[in-house]
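Below: one structure, written as structure tokens.
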């Protein structure tokens, strides 16, 4: 089989140093991209042709799923290729989030196949158009530079690397190759569903950008390569700085503050990446932490960054810690994140919930222990827990009052004060000392915006007092 695409593929694939002993698992959906990838691999020169294992997942999501499975079974037999198939029964399909669930099923299966055959690579058929679509979707959604990275190399298992040999090839060239060489494939009907963002990018946005500049795909790939190199270099240096400021119980505040403002930001991001994982620290949380580290008037403080993790500044040290660990040391209150439209059990104090105003019954709206808010007034999600008595509630006159004083004024027994539940917003500002006093919010209620109700239910408020 002679073609320009095959010649270019043969050159590109040299980077993988394939031999007849190399085992490659190829993810094949029977779509045009994966069938072309399979064909290109089969037509490599004998000295560079690896052992191919086809991995196919029948998701049972389309009417033609069984037909596609039968086709790839016949193909593998005719071409004398190893084949592994995973069938995902309809009974196991989730009611929501089916795309993410399907992806998890696929890659779990691919990992099993790779381990079974001790494969060096998993090849997927992502191409230059996929890269551009991913890049644009992330650009539109917003986020950090790290999140702007498109489709890259990563490890599937300890011994198997995921690679995309078609990443520099355009969809039009792949389809043209398939047509010219009579490669059979199946069209995924969901690719025409315009309710999906990726499909709109594919059919409307990317074609127009190609019209503006025929080298659009190459430029996206170039930006991705530059971005990945820059981020790797930055991360490597940030990691070196992290090691320099590391201490026995976290990181040295003074050493951190001696860094330039730019490196403070990057080092904090690197610490968060190592301790929390990618994308777990929001921009607002990062800014709040930087302000806290610079605030000499607050030698000790904590910031809740998730339902399980806290950022803690404790004089000369700081770091991210499990809330349970700090509680054992007596350094942190117990806080849990509330999920929208769900009740949350707070033990002897009853239950509390945060609800969309359109999704609750009128009898709950009319309950005594209710706080009505509009979206402009608060930063969600909410956290509830046994607050420190030094937390302050905002007053109508612009002043503040500590929870300690509010509880004393309300004649709450001393034995109950430490455990009394406080509701905080995502900025860790006290919103409501449940059942006793609500904070005065800076923004006025706006009936034109999305409205929420915070509802607290307790069997007997008097018993708590």
Taking alpha-carbon centroids only, region 55-110 lies from region 125-194 a number of Å equal to 19 Å
Please give the direction-averaged projected area of the C-alpha convex hull for region 405-447, in square nanometres with one decimal. 3.9 nm²
On each of the three principal axes the extent of the alpha-carbon atoms of region 223-328, given in whole Å and largest first, is 45, 30, 25
Let's test the formula: R0 of 41 Å, r as the Cβ-Cβ distance of residue 78 and residue 145. What FRET efficiency results, to the nearest 0.05? 0.30
Give me the base-10 log of I(q)/I(0) for region 69-190 at each q in 0.09, 0.13, 0.14, 0.22 Å⁻¹, Debye formula, one uniform scatterer per Cα, rounded to two decimals. -0.34, -0.75, -0.88, -1.51
Quick one: length gained pulling residue 195 to residue 67 fully straight, 0.36 nm per residue minus the C-alpha distance? 43.5 nm
By how many nm would the segment from residue 380 to residue 247 lengthen if fully extended, with 0.36 nm per residue of separation less the alpha-carbon distance? 44.5 nm
Honestly region 4-212 on the Cα gyration tensor test (a ≥ b ≥ c root eigenvalues; a/c under 1.5 rounded, otherwise a/b vs b/c for prolate or oblate) is just rounded
Explain nothing, just the number: relative contact order of region 4-212, from Cα pairs under 8 Å at least 6 residues apart, as a whole percent. 25 percent
Can you compute the label reach from residue 225? Point 7 Å from Cα along the Cβ direction, backbone N cut-off under 18 Å, restricted to region 1-25. 8-17
On alpha-carbon atoms, Rg over Rh for the chain using Kirkwood Rh? 1.06
Taking a ≥ b ≥ c as the square roots of the Cα gyration tensor eigenvalues, with a/c under 1.5 meaning rounded and otherwise prolate when a/b beats b/c or oblate if not, region 10-78 comes out prolate
Estimated 222 nm signal from helices in the chain, with DSSP H stretches of n ≥ 4 weighted -39500 (n - 2.57), rounded to 500: -11500 deg cm²/dmol
Proxy reagent accessibility, fewest Cβ within 10 Å first, across 344, 400: 400, 344
A student applying the Cα gyration tensor rule (rounded when a/c is under 1.5; otherwise prolate if a/b is larger than b/c, oblate if not) would label region 156-197 oblate
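Every number here is computed from the coordinates shown, using simple stated rules; none is lab data. A quick note: this is a predicted structure, and the numbers were derived from the prediction, not measured. Glycine gets a Cβ as well: all are built from the backbone with ideal geometry, and neighbour counts include every protein chain shown.
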